[in-house]
Amino acid sequence: MQPVSLFDLAAQQARWLSVRQSTVAGNIANVNTPGYRAADVEPFEKVLDSKSVAMRATDPRHISLGVGGSGIAVRSEENDTAVMPSENSVVMETELMKAGDVRRSFELNTAIVKAFHRMTLMSLKA
């Protein structure tokens, strides 16, 4: 079993947040484009589930576990109930809330990495 690295996990979340921010920005840019369908990315938890730590059988009597994998998928929101006057599905308030969530997640990610980095440096000094 390979060790779980907090730095790798934080880097993966930062990449996911970057993709989500680009998707939200694209939705906001197309708020007045007729027929445009709002897009979003799959939740980070789903990305983590598909990229779980691979377990390896060290004995033939161990149960084998299959592990699948996929990248970050951008999906279109098929929300036919929210059609705006421009005949698209982008709701500006929803997109701004998503952008705020992304910003807060970036800040939390950065704070966790900084704290872990300080902890690592303190353990090396001791």
Full-extension gain in nm, Gln12 to His117, via 0.36 nm per residue minus C-alpha separation: 36.1 nm
How high is the FRET efficiency from Lys46 to Lys125, r the C-beta distance, R0 35 Å, rounded to 0.05? 0.35
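We did not get these values from a lab; they are worked out from the coordinates using the rules stated. Since this is a predicted model, take the numbers as computed values, not measurements. Here the Cβ is made from the backbone with ideal geometry for all residues, glycine too, and neighbour counts use every protein chain on show.
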